[in-house]
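One structure below.
The values are calculated or read from the model by the stated rules, or taken from the named source; none is laboratory data. Note that the structure is a prediction, hence the values are computed from the model and not measured. FYI the Cβ positions are ideal-geometry reconstructions off the backbone, even for glycines, and counts take in every protein chain you see. These accessible areas exclude ligands, DNA and RNA; they are computed on the full protein's heavy atoms, side chains included. Shrake-Rupley method; radii C 1.70, N 1.55, O 1.52, S 1.80 Å.
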Amino acid sequence: FKHTGLFPEQAVNWRWMAEKIAQAGRPVEVLNLFAYTGGATAACAAAGARVVHVDAARGMVQWARANLARSGLADRPVRFIVDDCMKFVQRELRRGRRYQAILMDPPSYGHGPDGEMWKIEEHLFPLLSACAGLLADDALFLLINSYTTGLQPAVLGNVLRAALADC
């Protein structure tokens, strides 16, 4: 399907996240949703963060694990989870977990491991609202990346502001 699994245009985001983590001077827990082949996971782990890498596709999670090993980062504290992102976030909320950083690269459309349907227009706001409850008081960032055609940056900004309004 012509995906190489490498996204060099994300290098600026990886560098920015790594700088935020390195400059924090404290332990940083990162939640990477729709984490795919793990470029952002590797960048955060290399900067010293503990990372929870979540993707619904088992093959992508295996690929990410292999990429971490090939990058010399196999010993870093990374949990690889195959799950529907919203279901995972809801469980983390019930567990009382908090993260200093959350990042996501949601698809326009997709399916979870048990057939759950994802449509960015319908599901992004509820996911972001749930993620707001996972942000620690000392959070560093919540980063969203999107390639969805027709979804303007201003719309993403408005959705993000609305979801985080009570934070």
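Where both bridge residues fall in the chain, DSSP classifies roughly 15% of the beta bridges as antiparallel. Other residues with beta-carbon under 11 Å from the beta-carbon of Arg98 carry, at +1 per Lys or Arg and -1 per Asp or Glu, a net charge of -2.
For the range 15-167, dividing the convex hull volume of the Cα atoms by the residue count gives 110 Å³ per residue. At an R0 of 25 angstrom, the distance between the Cβ atoms of Gln23 and Ala74 translates into a FRET efficiency of 0.50.
Each of Gly115, Pro27, Ala139 was placed along the dipole of the range 1-153 (beta-carbon charges, centred on the mean Cα), and the one lying farthest toward the positive end is Pro27.
For Arg58 and Arg91, a Förster radius of 25 Å and the Cβ-Cβ distance give a FRET efficiency of 0.85, rounded to the nearest 0.05.
Counting only protein heavy atoms and a 1.4 Å probe, the range 1-74 has 52 square angstrom of accessible area per residue. Simple point charges give the picture: +1 on the Cβ of Lys and Arg, -1 on the Cβ of Asp and Glu, and for the range 20-167 a dipole about the Cα centre of about 460 debye. All other residues with a Cβ under 14 Å from the Cβ of Trp63 taken together, and with Lys, Arg as +1 and Asp, Glu as -1, what is their net charge? Summing Lys/Arg as +1 and Asp/Glu as -1 gives +2.
The length gained by stretching the chain between Phe125 and Ala66 to full extension, at 0.36 nm per residue less their Cα-Cα distance, is 18.1 nm. Here the extension length gained between Ala136 and Asn158 equals 5.8 nm, from 0.36 nm per residue of separation less the Cα-Cα distance. Against the criterion of solvent-accessible heavy-atom surface with a 1.4 angstrom probe, Tyr36, Tyr147 sort, most first, into Tyr147, Tyr36.
So if R0 is 30 Å, what FRET efficiency would Asp114 and Asn145 give, r being the distance between their Cβ atoms, rounded to the nearest 0.05? Here the calculated transfer efficiency is 0.75.
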